[in-house]
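The values are calculated or read from the model by the stated rules, or taken from the named source; none is laboratory data. Because the structure is predicted, anything quoted here is derived from the model rather than measured. Cβ coordinates were reconstructed from backbone atoms using ideal geometry, including for glycine residues, and neighbour counts include every protein chain displayed. For accessibility, only protein heavy atoms count, side chains too; no ligands or nucleic acids. Shrake-Rupley method; radii C 1.70, N 1.55, O 1.52, S 1.80 Å.
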Amino acid sequence: MATNSQQKKWEQLTLERIAEADAITYLGEKHPSLESHEHPNFKLYEFSPNKALDGKERYYLAGPEHSIIMQSSLLKAQHDIFAMRIGFGISFDEWFKEFSEGYSEYKRGHKTNYPSTGEKQWRKDIDSRPKYIEWTTEKTIEGHRVIEYFPEGFEGRSIVLSGSDWELKRYIQFIEFEGGGTAEEEENSRGISEIKILNGWPELKIKFWQKKLEKGQKSPLRTVLSVALIGFCEYKRQDGFKFETPLTIADLKHFKNKIEQVFYPGKVPVVLSRGKEIWSYQKWRQGYANWFPARNRQAAINIYQKLVQIKEDTFDPLALYVGKADQESAKYSETPKKEKVLNEDKELPVYRRNVELEFWQAWANLPKTGQKIMLVSRSDRTPVDERLMND
């Protein structure tokens with residue numbers, strides 16, 4: 001009787017001879033590096049049920065040809081069924097493009113609150129559309145992504161999200177329409193989430209714009225500050241808080257007048273001095289969570305003191321914070337650095353420029369119904385809402 005080692009050696013020899021008789025076929029450049037006796041009589045194929053979703057990623061199918069046919073057809077059917085039932089048939093990047101543009105190619109009903117055209121078009125302002133940046137790592141983690149999501153464009157706050165494409169879509173829509181979120185400030189010892197406190201309330205947006213470009217500057221800078229109207233709601237809800245008050249046209253007129261008095265007195269725009277120091281004002285329970293690169297502490301105080309006047313709140317100097325980089329003047333030099341790019345000297349962008357921005361616009365953002373109501377505007381392209389023009 002053959003010993004175990006003899007039996008194993010005989011089996012290996014037999015498999016190698018079978019492999020020689022029926023040469024193994026590989027499709028594609030990428031395949032496991034295996035000994036021939038480990039897959040005799042097997043053909044190895046690279047398979048994708050959906051190239052648009054998989055990109056360069058492929059999955060291996062191994063076995064006789066009839067088995068490959070059965071495996072691929074079954075996997076394709078399962079993929080299509082789950083894609084239709086669960087909704088992962090569209091890639092995250094393709095979906096996000098449609099989402100950020102307000103699903104502009106989809107037909108609406110006549111009474112939609114999210115019009116795709118006209119003055120009240122949803123997502124009309126390109127700068128304030130949702131955006132994201134991908135965080136990368138050298139490690140390969142299948143089906144997992146980490147992104148930094150900016151609900152109101154790169155000038156606004158951001159939230160770090162992770163998960164599969166399908167999960168990221170759910171997270172973002174929950175944040176957009178339900179006011180959810182789990183981002184916590186690391187220095188917050190009270191455990192209060194800024195996202196939970198500020199999201200979902202109507203907001204006032206104050207925009208500053210650079211009118212004159214500096215030498216070598218290709219596009220103007222802007223700063224947008226927000227004031228959450230905590231205590232107001234867009235409509236009376238059965239399950240709403242008792243202290244919520246539906247926002248009215250009279251309320252919007254009041255805020256419009258206050259903004260004009262504070263930021264546009266006598267048709268003279270207030271100037272915001274941008275610089276290299278990040279100054280923030282964090283008073284979440286009153287609706288404030290802003291930051292911008294200011295010239296110095298006094299430049300930040302000048303703006304934040306005016307911002308709280310809109311709701312007639314009192315400025316709290318203890319809610320003012322600064323974030324400074326080491327050797328800021330060197331790190332954010334006003335002199336453009338030059339680097340070799342394709343054997344040519346190219347100037348790199350200048351970050352955190354010392355520039356003057358003027359008050360430009362103010363609007364009310366109603367997140368539940370997706371409305372942007374212009375309150376004050378110095379641009380002919382974005383006129384003030386006509387409902388606010390009558391006394």
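The calculated FRET efficiency for Thr136 paired with Asp316, based on their beta-carbon distance and R0 = 35 Å, is about 0.35. Residues whose amide H lies under 5 Å from that of Phe232, counting only those 5 or more places away or on a different chain, are Thr245; hydrogens are built 1.01 Å from N in the peptide plane. Distance between the modelled labels on Asn302 and Lys368, one decimal in nanometres: 3.9 nm (7 Å Cα→Cβ projection).
Using R0 = 22 Å, the C-beta based FRET efficiency linking Ser379 and Glu105 works out to 0.25.
How big is the C-alpha Rg of region 239-292 next to the rule-of-thumb value 2.2 N^0.38 Å, as a ratio?
Numbers: Rg = 15.8 Å, N = 54, 2.2 N^0.38 = 10.0 Å.
Here the Cα radius of gyration is 1.57 times the empirical estimate.
Beyond a 20 Å Cα-Cα separation, which of these cross-linked pairs lie in this structure: Lys212/Lys372; Lys111/Lys256; Lys124/Lys207; Lys236/Lys311; Lys267/Lys372? Over 20 Å apart, Cα to Cα: Lys212/Lys372; Lys111/Lys256; Lys236/Lys311; Lys267/Lys372.
How do the peptides 144-151, 69-76 rank, highest first, by the average count of neighbouring beta carbon atoms within 10 Å per residue?
On the way: 144-151: 17.1, 69-76: 13.2.
The packing order, highest mean first, is 144-151, 69-76.
For region 351-391, the per residue solvent-accessible surface stands at 53 Å², with DNA, RNA and ligands left out and a 1.4 Å probe.
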